[in-house]
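Okay, structure first, notes after.
FYI, it's all coordinate maths here, none of it is from the lab. Quick caveat: nothing in here was measured; it's all calculated off a predicted structure. Counting neighbours? That spans all protein chains shown, and the Cβs are built from the backbone with ideal geometry, glycine included.
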Amino acid sequence: MLASLDEQARAILAKNDRGGFTIPTARLYPFQWNWDSVFIALGLATMDDDRAWRELEMLTEGQAHDGMIPSIIFRKDDADYFPGPNVWQTRNGAIKGTGISQPPVLASTVAHFVKAQGDNGLERAKALFPKMLEWHRWWHDYRTPEGVGVVCTVHPWETGRDNCPDWKIGLLNMEIDPNLEAYQRKDIEHADPAERPSQEEYDKYISIVKFGRDNGWDQRLLTEKGPFLMADPGIFFILLRADRDLLWLAQKLGADEAEAEIAAWIKHAEAGVDYFWNDELGAFCARDVRSGVFSDGFSNASALCFYADVGSAEQRRKTLAHMSRISTKTQYGQSSWDPDAPLFESQRYWCGPLWCQMNYMIAQGLREQGEAEFAEKMRQDLRKVIELSGFYECFDPISGAGCIGRDFSWTAALWLAWAGPSSVQSSAA
Ligand code: DGY
């Protein structure tokens, strides 16, 4: 008999478990990834709270001395992946990691667990609190350059939305390092090259890594003189949301000394929201920091303003209008890039596919901000696409075909925690 989707999802999480942490999928991504683990923990918590906390604790074991939690934690090298620890050559943590971070969703999941588990989760949250505080401080210090006023990013990989057309302006402004060593991509050995970033994009990604490595991962130098500096509405909205959740945790845990600092970050971010508003498009967009030029398309990160609880009534109305228009072009949820924009490709990584974790955050924001019907449609769309194609990394938002990695952990986790009929949200609905 065929296993149910719940059983398949649990089997994927078990198969990808590497002893207290979970890889996204074998071969293509064989390490612990930062925001993957945080979404994976939501799925683990439907089976075993202790294991879910362990996932988050093992993520923070990779924290660097300056407070950054890297995008990837390399516990050992793996020939299946490029660029591995020998390419990054970081030396600033107990465990090797990349020299960049990833969207900081951790505090939001910790707050969610404390709300769901009550006193049972409080001790685990308390132990994680100083690490989360240090990490948020890192974003507000090292990634918020003097004179810019909003959080920035130095690498498309740091945004988690690797090859989204949002980064086109920043990448156009930089050169491929003429001394780049020859290298062999591994991703296109495990996945269809037509669904992965282009070679030119990869050369630029690796050029930024080379700059960081050649300069000893001096994070200030990266924002001052690094090849790429953009502001990402995804990181901005996710950090603002996570700051709000961290403040709630500080109050809950009685961490009085941290409250004023976190409250100041929130106030500062709220004052910076309009930096991302592209009036011509009527949307929150990425922006090249050095030239001030806006990206020219609506991405799924543009829709996260509800999740961060920001934007004027007019900005929210225009954002919803884009989302409604996009819903008429896709069959399944919000695509990662606007189907009406020139660089849309329905199956290429972040140029169009539907991503479950983005849709989860967007829907959460919509539900909280009084758009429950829209939120429920997004949840049902994710359910349908998983029923149609299984647990892929992402999906063609028009045909529903699964793209890139198979047996993907965050898709399995969000099925159990949110989209599937047996999820808590379903029984609450
Ligand atoms: C990859 O290897 O494609 C990852 O997204 C980088 O973090």
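Structure data summary
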read-out: Value of [θ]222 nm, deg cm²/dmol, for the chain, DSSP H segments ≥ 4, -39500 (n - 2.57) each, nearest 500; value: -15000 deg cm²/dmol
read-out: Listed residue pairs exceeding 19 Å between alpha carbons, taken from 267/318; 131/252; 96/210; 329/377; 96/168; 115/252; value: 267/318; 96/168
read-out: Segment residue 146-residue 200, length gained on full extension (0.36 nm per residue, minus Cα span); value: 16.4 nm
read-out: Sequence of 65, 322, 112, 155 once ranked by neighbouring C-beta atoms within 10 Å, starting from the fewest; value: 65, 112, 322, 155
read-out: Relative contact order, percent, the stretch 346-429 [alpha-carbon distance under 8 Å, six or more residues apart]; value: 27
read-out: Inter-label distance for residue 331 and residue 82, nm, one decimal - labels placed 7 Å from Cα along Cα-to-Cβ; value: 3.6
read-out: Residue of 52, 303, 286 that the Gaussian network model of the chain assigns the largest fluctuation, springs spanning Cα pairs under 10 Å; value: 52
read-out: Size of electric dipole in the stretch 28-98: Cβ of Lys, Arg +1 and of Asp, Glu -1, about Cα centre, debye, nearest 20; value: 260
read-out: Within a Gaussian network of the chain (alpha carbon springs, distance under 10 Å), most fluctuating of 48, 309, 162; value: 48
read-out: Mean separation of Cα contacts under 8 Å (6+ apart) over length of the stretch 2-419, as relative contact order %; value: 18
read-out: Dipole moment magnitude, nearest 20 debye, the stretch 186-289 about Cα centre, only Lys, Arg, Asp, Glu C-beta charged; value: 220
read-out: For residue 283, distant residues with modelled amide H under 5 Å away; value: 278
read-out: Tensor-based shape of the stretch 194-241 (alpha-carbon gyration tensor, a/c under 1.5 rounded, otherwise prolate or oblate); value: oblate
read-out: Exposure proxy order (Cβ contacts within 10 Å, fewest to most) of 196, 137; value: 137, 196
read-out: Simple label model, 7 Å out from Cα along Cβ direction - residue 213 to residue 27, nm; value: 2.5
read-out: C-alpha center-to-center spacing [the stretch 122-157, the stretch 370-429] in angstrom; value: 29
read-out: Cα lying deepest toward the dipole's positive end in the stretch 2-419, options 362, 293, 152, charges on Cβ; value: 362
read-out: Prolate/oblate/rounded call for the stretch 320-422, Cα gyration tensor, a/c under 1.5 rounded; value: oblate
read-out: Residue 137 paired with residue 252, simple spin-label distance in nm, labels 7 Å along Cα-to-beta-carbon; value: 2.2
read-out: Overall form of the stretch 2-419 per C-alpha gyration tensor (a/c, 1.5; a/b vs b/c); value: rounded
read-out: Simple Cβ-charge dipole of the chain, Lys/Arg +1 and Asp/Glu -1, about Cα centre, in debye nearest 20; value: 400
read-out: Taking 76, 131, 377 and counting other C-beta atoms within 10 Å, the order from fewest to most; value: 76, 377, 131
